[in-house]
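> Dropping the structure in here first, questions after.
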Protein chains: 2
Amino acid sequence: MTHHQSAPATATPAAPAVHSRPLAVRDVTVTDAFWHAEQELVRTAVIPYQWNALNDAVPGAAPSYCMHNFKAAAALNARKDSEGKAFVPPSYTFRGFEALPEDPANPDPDTFYGFVFQDTDFSKWIEAVGYSLAHHPDAELEATADAAIDIVCAAQLDNGYLDTYYILNGMDRSFTNLKDHHELYCFGHLTEGAIAYYEGTGKDKLLKAACRFADYIDTVFGREEGKLRGYPGHEIAEMALVRLAETTGESRYAELAAYFVRERGASPLYFMDEDRRRAQQDGTNYEAREQNYAYYQAHKPVVEQDEAVGHAVRAAYFYSGVADVARLTGDSDLLAAARRLWRSIVDRKLYVTGGIGGTVDGESFSYDYDLPADSAYSETCAAIALAFFARRMLEIEPKSEYADVMESALYNTTLAGMAMDGKSFFYVNPLEVNPVACHRDSRLRHVKPVRQKWFGCACCPPNIARIVESIQQYAYTLADDGSTLFTHLYMGGEARATVGGTPVTLDVSANLPWRGDGAATVRLGGDAAADGADGATFTLAFRLPGWAGDESAAAAIRADGEADGRVGRVVADGYVRFTGVWHDGDRIVFDFPMPVRMVAANPLVREAAGKVAFVRGPVTFCAEGHDNGANLHLLHADVDAILADPHAVAVEPCAFHAGAPGMDDKGLGEVDDVTRDMVVLRVPAWRETADGEPAARPLYAAYAPARREPATATLIPYFAWANRGETEMTVWLRA
Amino acid sequence: MTHHQSAPATATPAAPAVHSRPLAVRDVTVTDAFWHAEQELVRTAVIPYQWNALNDAVPGAAPSYCMHNFKAAAALNARKDSEGKAFVPPSYTFRGFEALPEDPANPDPDTFYGFVFQDTDFSKWIEAVGYSLAHHPDAELEATADAAIDIVCAAQLDNGYLDTYYILNGMDRSFTNLKDHHELYCFGHLTEGAIAYYEGTGKDKLLKAACRFADYIDTVFGREEGKLRGYPGHEIAEMALVRLAETTGESRYAELAAYFVRERGASPLYFMDEDRRRAQQDGTNYEAREQNYAYYQAHKPVVEQDEAVGHAVRAAYFYSGVADVARLTGDSDLLAAARRLWRSIVDRKLYVTGGIGGTVDGESFSYDYDLPADSAYSETCAAIALAFFARRMLEIEPKSEYADVMESALYNTTLAGMAMDGKSFFYVNPLEVNPVACHRDSRLRHVKPVRQKWFGCACCPPNIARIVESIQQYAYTLADDGSTLFTHLYMGGEARATVGGTPVTLDVSANLPWRGDGAATVRLGGDAAADGADGATFTLAFRLPGWAGDESAAAAIRADGEADGRVGRVVADGYVRFTGVWHDGDRIVFDFPMPVRMVAANPLVREAAGKVAFVRGPVTFCAEGHDNGANLHLLHADVDAILADPHAVAVEPCAFHAGAPGMDDKGLGEVDDVTRDMVVLRVPAWRETADGEPAARPLYAAYAPARREPATATLIPYFAWANRGETEMTVWLRA
């Protein structure tokens, strides 16, 4: 992936500095075989499952207690209202980061259960529902959602506060543990969900609730006298507030987001003061507490940060908020920080699968170039968060590098997070798995060789649901001045926008990720659609995928108007911009080369030394034991043969059969029978062999060159691994 | 190391089944340059440091409180005696696995501090002192030791019990937490120390105290009605009791050892019952407790075990006890178990540095072939424990394989545990170190790039002290029938024994580990020494080191009497036995070849795939950054050149200069200037290079064969690493 350059290319002309925004979900349809199937999987399998999960109705899964908590809070509100007296909350008692009833089947109706952030189970579900309804109306689902929203809104306090953990456990301690108790995180997710539901259905009840919560938060936090100078412990409110401002037009929300972004890590450290206060209140010893504020990206102001550190999901959510605020405010210091943090990730901390966060300890970024394969954390949510960050950088400056990374994160680690039947999930996405090690090595207890059912801490599955159902928002953005429609990802379907004053529909056919060819047909609306109209003037910009090679990609796309001079092209920053007069029916045809790329990591990545990975288009491949037998570490890619003949690696379309029986009575590892068209690679390889069984040989012996037995390695897309039962897997093959 | 065969060689004639025992420490002197220097280092640096440590008198080091506790218990005893009334112990309160005073400088005189096993600081010290006095009389040290013994013995209860943790914290809970509270471990170390002091000085005060404690334990534990059917949580009492039986002639101690060995892991599991009882007593929930009894080797009876599992030090101490009991009792089931567990270690779980215990989690054996280099635990104590086990197997059956492994454990990981100035220590002995990773990767927090000062939990430094001071006991054993004197390790000095009825002194010169040549001169005593005596008939057996190659080794040793037929030779199990009539002054001359061996690990060792290590004689080598620059993972051994020319690796004697300044105000990493003669290897190598700084290059790029820059890798003995300041290190080089 030569497109991950350390410094921006300077040979190409600078692109005009224009910001752009994603199209609304309802303005884009996705109909191609790949993403449509993913969206249908989420719609038909994940969203219903998710609703059952948050109502504690999934047999064998840990109850969420999410809707239970909202109902309990709503009941408390109702009692208070009926008694006609001021709300007197119970005095706070900490019952653990995750509180569970003694009898899971009989929770106390007035008690909060689950994690401190359990409210977000609803918020993430309603967000996915909103996106789904935007492109697939479903009256029954909408009625279910409306009823759930009624319960949630009934839980909101008169002042707008809406986090059932403190409503039920004691409001006297509300906002006293920003660092670890997720109130502002719950607010952020609620807001994202409310906006999605509003955009999908036009209904604003939840949106108004989010606004009231935001208004209340705005009275509590800020630099003004008497306000708390705090900020979220787990970021997301920053980007949610920007989105709320842009949805409602209320600039106060953007200002609050900017405050959160800029105040974070300022001296004196709020979290340190908060820790001290809480220790004093609880009579505990402050010095003995965890003081790793870098985990929260709060060790110093973001404008002084130049290394991506700490909890990877928190970090990338935060950087997304930084980018949002930088775009809105034009703050060049914030933009510079966002660029530095981006470079830190893509130059030194990014997996070849688009994952981030190398270490289980704190689910965090590790140090530079530390990208372990077998003990990787690479949380699904972190890859999704990276896509958030990448898209926001694209909104600021359309450079294909951002889209390349975003595409890799989406096609690889994000999708690997979900089984092909939509019923089980990975939180951790290793690049190498030896099942024996997963079972017997407690150092790898976070690494699972098969996907798991819904967790109590259900972050990744609903995160997959919400990003897949809104994937169209990653495909297109429209310049703020309306002049240019950017196509970042190629997916079949229609995109509608007003470009250069003309209603335009871009009707795209594409065959990603398996083939690089396709076309976009321009349909003009409004006056331009009238008979005899002379067309309309605007710019359509298309990304030149890094995986196609910059020059090859530019040569592989052309617009109908180019031949007769109606349309001119400018290539900059990995985008070709076609500007000129468009006629209805004009086509932009592309056929991006999609060679198999044999990539090596930077020599400073010790874990990948002497190894290669295979990538084609946006898809990173891996070898599984199912196709290649045991002991994948003895399988070597025949790099000499591949270098000698670029076509030595065969690209083979196949109907991939997923399906695996359950490994225990809870159905661990079970995958339903599913068949999907995809592509596998046949890679020239050789296998180390020797006389007799390795286990019969001594532990140490005189070195002798390995005897080589010719072999063909079969590689499948990384996102498709672990769909056929437990087996070895590796992304990196020895060279 | 081709000598680690999976199955015993069958082509050679079976050796007579004869057990043998080590010579007493005082009957062997060690005068060669290598081990004499190590013994002097321990005598002059470690033993005095250790005494200060257990008296809390080492500036900057955590106090031990060991002697404090004995004094407190002695005072309690004295008060009770002076008051003339029955001892009424305080009621037990658990104050933590390690109890520390609020003000470290002012401990309460009546309170127990430190770890539950803190008494063993004294026991390990007195053991090293005993050995040291055996070959280096020192009136001042002996007076100090006698005074310490007086304090310790004054702490003993009337019934013989002697563990200050329970004496001071409450005897009502004594022997209620065998699993984790180390009372029998403390007894075991006390006994080992008492025997060593008795053997070194002839003084039996402490030995009698140990016997009284053993007698008491014998009344508490056993299969008889009314006794507890428990056994030690941390094994050592088993081998200590066998030694006590053989020292005192009291067979009850051996029977108690046999009971402990055989009862361990019997159903119903004692530890499980104990856990339940304690949970009931404390009102805690049993189910929630740690139930990994394999950690303690107590998951099933040893005769059913075939895999080395759990805490590696516990395991190897236990297997040593199993071997001892098997030897004493002739129990073939126990012997078979010991052999199986030995095979499990040497065929699948042994580092090329002689270390064991691959995982930090539980300081335990990992699963088969899991021998990670950078995250290795490989505790110094575990290598020492492996030497214990190996010698005990040798006592049962003299096979050179046992001695080969024992020698590797002693010369490599054991000695690596101590700096060359004797003032700092490794507990963990990685095979690969990247200091950046040690500092920044919390998953490696157990791996230190430089040695540490004395710890509160001081297991490894005193263990090094006691094994180095008794190294002669690993060199020679005498057959129980007196017929044969075995030489297992070659070290310069004199060994005295009565062989075949004749007092014999073997005067050995040797140049290990740097050269394989030397000689042993036979001196006859008693009647055989008289003028005109016709000599004496007996057998001298010498190990044929595996590192020399079995056949080469046999050809490289000869006895004076062979030429004229007075002495015949039988080669079996890696030993040459010279039997016949010996004359005073006869010499056995040897010149074992000591080629540089380039070894590879079994292909199932994933962490060593594609790598080689260099071993010469018993010494495993490693590369340090000091000699080879940064990024050792880019340095490749030129295996083709080395295979083509066995002499391509140059063996270079050198005066190795140790010395490093401290890295902080506590002197972390400081090593005094010391020079020792050793050997370094110059290995043909090449280094991966590329244009520009690696850090300026992209994270992923198209694979291209590495550009090779010829280089010479300088390898130093593994035991000498980390004596010149913090740097990278690796044992395994890429091939």
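Each value in this text was obtained by applying a stated rule to the coordinates, not by laboratory testing. All figures in this text were calculated on a predicted structure; none of them were measured in a lab. Note: ideal-geometry Cβ built from the backbone for every residue, glycine included; neighbour counts use all protein chains shown.
> Based only on the alpha carbon positions, what is the Kirkwood hydrodynamic radius of chain B, in angstrom?
26.9 Å
> Grab the beta carbon distance between B:K205 and B:F97, set R0 = 30 Å, and tell me the FRET efficiency rounded to 0.05.
0.45
> Can you list the residues of region B:678-711 with backbone N under 13 Å from a point 7 Å past the Cα of B:A33, pointing along Cα to Cβ?
Correct set: B:678-680.
> If the label for B:E562 sits 7 angstrom from Cα along the Cα-to-Cβ line, what are its distances to the same label in every other copy, in nm to one decimal, shortest first?
The answer, with the shortest distance listed first, is 8.6 nm.
> Here is a further query. On a C-alpha basis, how far is the centre of region B:280-347 from the centre of region A:88-150 in Å? Whole number, if you could?
If we compute the Cα centre of each part, the gap is 49 Å.
> Peptides B:441-451, B:639-649: what's the order by average Cβ count within 10 Å, highest mean first?
Output ranking for B:441-451, B:639-649: B:441-451, B:639-649.
> Among B:T675, A:T248, B:T353, rank each residue by its count of other Cβ atoms within 10 Å, from fewest to most, as a rough exposure measure. It would help to have the intermediate numbers written out before the result.
Values: B:T675 12, A:T248 18, B:T353 29.
Ascending Cβ contact count within 10 Å gives the list B:T675, A:T248, B:T353.
> To continue, here is another question. Would you tell me the mean number of C-beta atoms belonging to other protein chains that fall within 10 Å of each C-beta in A:59-65, as a whole number?
Details: counts 0, 0, 0, 0, 0, 0, 0.
Counting Cβ atoms of other protein chains within 10 Å of each residue's Cβ and averaging gives 0.
> Add -39500 (n - 2.57) for each DSSP H run of 4 or more in the protein assembly as shown, then divide by its residues: what number comes out at 222 nm, to the nearest 500 deg cm²/dmol?
-10000 deg cm²/dmol
> Let me have the relative contact order for chain A, percent, based on Cα pairs under 8 Å that are six or more residues apart.
RCO, chain A: 13 percent.
> With no solvent and one point per C-alpha, what does the Debye sum give as log10 I(q)/I(0) for region B:596-734 at q = 0.12, 0.13, 0.16 Å⁻¹?
Rounded to two decimals, the profile gives -0.57, -0.65, -0.93.
> Run the dipole for chain A about the Cα centre, Lys and Arg Cβ at +1, Asp and Glu Cβ at -1, nothing else charged, and hand back the magnitude in debye, nearest 20.
On the way: 67 positive and 102 negative charges, 214 e Å.
Dipole of chain A, to the nearest 20 debye: 1020 debye.
> Quick one: Karplus J couplings for region B:330-340, per residue in order, coefficients 6.51, -1.76, 1.60, θ = phi - 60°, nearest Hz, x for Gly and Pro?
x, 5, 6, 5, 5, 5, 4, 5, 4, 5, 4
> Taking every residue in A:440-446, how many Cβ atoms of other protein chains lie within 10 Å of its Cβ, on average?
4
> Among B:V116, B:H135, B:I151, which residue has its Cα furthest toward the positive end of the charge dipole of region B:90-154, with +1 on Lys/Arg Cβ and -1 on Asp/Glu Cβ?
B:V116
> Along Cα→Cβ at 7 Å, what distances in nm separate the A:P137 label point from those on the other copies, shortest first?
Label-point separations across copies, in nm and ascending: 10.8.
> Another question, then. With a Förster radius of 56 Å, plug the Cβ-Cβ distance of B:A78 and A:L228 into 1/(1 + (r/R0)^6) and report the FRET value to the nearest 0.05. Spell out each step's value before the answer.
Working: r = 61 Å, r/R0 = 1.09.
It comes to 0.35.
> Give me the net charge of A:L632's neighbourhood, meaning all other residues with Cβ under 12 Å from the Cβ of A:L632; Lys, Arg count +1, Asp, Glu -1.
Taking every Cβ under 12 Å from that of A:L632, the sum is -2.
> Please go through region A:54-146 and write out the trypsin sites (Lys or Arg not before Pro) that DSSP classes as loop and that have at most 15 other C-beta atoms within 10 Å.
A:K85, A:R95
> From the Cα trace of the protein assembly as shown, what convex hull volume per residue do you get, rounded to a whole Å³?
Spelled out: Cα convex hull of the protein assembly as shown, divided by residues, is 192 Å³.
> If you take the Cα atoms of region B:62-264, find Rg, then find the Kirkwood Rh from the mean of 1/r over all pairs, what is Rg/Rh?
On the way: Rg = 16.5 Å, Rh = 17.3 Å.
Taking Rg over the Kirkwood Rh, I get 0.96.
> Could I ask something else about it? Hey, any idea what Rg/Rh is for region B:326-394, computing Rh the Kirkwood way over Cα pairs?
1.02
> Ranked by Cβ crowding within 10 angstrom, fewest neighbours first, how are B:L334, B:L269 ordered?
Result, fewest neighbours first: B:L269, B:L334.
> While we're on this one: Spin-label point model (7 Å from Cα, Cβ direction): what's the A:A690 to B:V436 distance in nm?
Label at A:A690, label at B:V436, 3.3 nm between them.
> Applying a 10 Å radius around every beta-carbon, put A:261-267, A:153-159, B:427-433 in order of their mean neighbour count, most first.
Result, highest mean Cβ count within 10 Å first: B:427-433, A:261-267, A:153-159.
> Determine the sum of side-chain charges near B:H36: Lys and Arg each +1, Asp and Glu each -1, restricted to other residues whose C-beta is under 13 angstrom from that of B:H36. Show your work: numbers first, answer last.
Details: positive: B:R43, B:R676; negative: B:D32, B:E38, B:E40, B:E469, B:E494, B:D677.
The answer is -4.
> From the backbone phi of region A:492-509, what are the Karplus-calculated ³J(HN,Hα) couplings (6.51 cos²θ - 1.76 cosθ + 1.60, θ = phi - 60°) in whole Hz, Gly and Pro given as x?
x, x, 10, 10, 10, 7, 9, 10, x, x, 10, x, 10, 10, 9, 9, 10, 10
> Something else now. Taking other Cβ within 10 Å of each residue's Cβ, how do A:M420, A:M663 sort, fewest first? Don't skip to the answer; put the middle values down first.
Working: A:M420 26, A:M663 14.
Ordered from fewest to most neighbouring Cβ atoms within 10 Å, A:M420, A:M663 come out as A:M663, A:M420.
> Right, another one. Using a label point 7 angstrom from Cα along Cα-to-C-beta, what distances in nm, from shortest up, separate B:S267 from the other copies?
6.6
> May I ask you to evaluate 6.51 cos²θ - 1.76 cosθ + 1.60, the Karplus curve with θ = phi - 60°, for each residue of region A:568-581 and list the ³J(HN,Hα) values in order in whole Hz, giving x for glycine and proline?
Listing the rounded values in order: x, 10, 10, 9, 8, 6, x, 10, 9, 10, 9, 10, x, 9 Hz.
> Relative to the Cα centre, what is the charge dipole magnitude of region B:596-734, using +1 at the beta carbon of each Lys and Arg, -1 at the beta carbon of each Asp and Glu, and rounding to the nearest 20 debye?
Dipole size: approximately 580 debye.
> Assuming R0 = 25 Å, what is the FRET efficiency of B:K300 and B:E246, from their Cβ-Cβ distance, to the nearest 0.05?
Details: r = 29 Å, r/R0 = 1.15.
According to the calculation, E is roughly 0.30.
> If you don't mind, another one. Residues in region A:584-598, backbone N under 13 Å from the label point at A:A529 (7 Å along the Cα-to-beta-carbon vector): list them, ranges by number please.
A:584-585
> Next question. Over all residues in A:344-356, what is the mean tally of Cβ atoms on other chains that come within 10 Å of each residue's Cβ? Intermediate results must be reported in sequence, preceding the final value.
On the way: counts 0, 1, 3, 5, 2, 1, 2, 2, 2, 0, 0, 0, 0.
Mean partner shielding for this stretch: 1.
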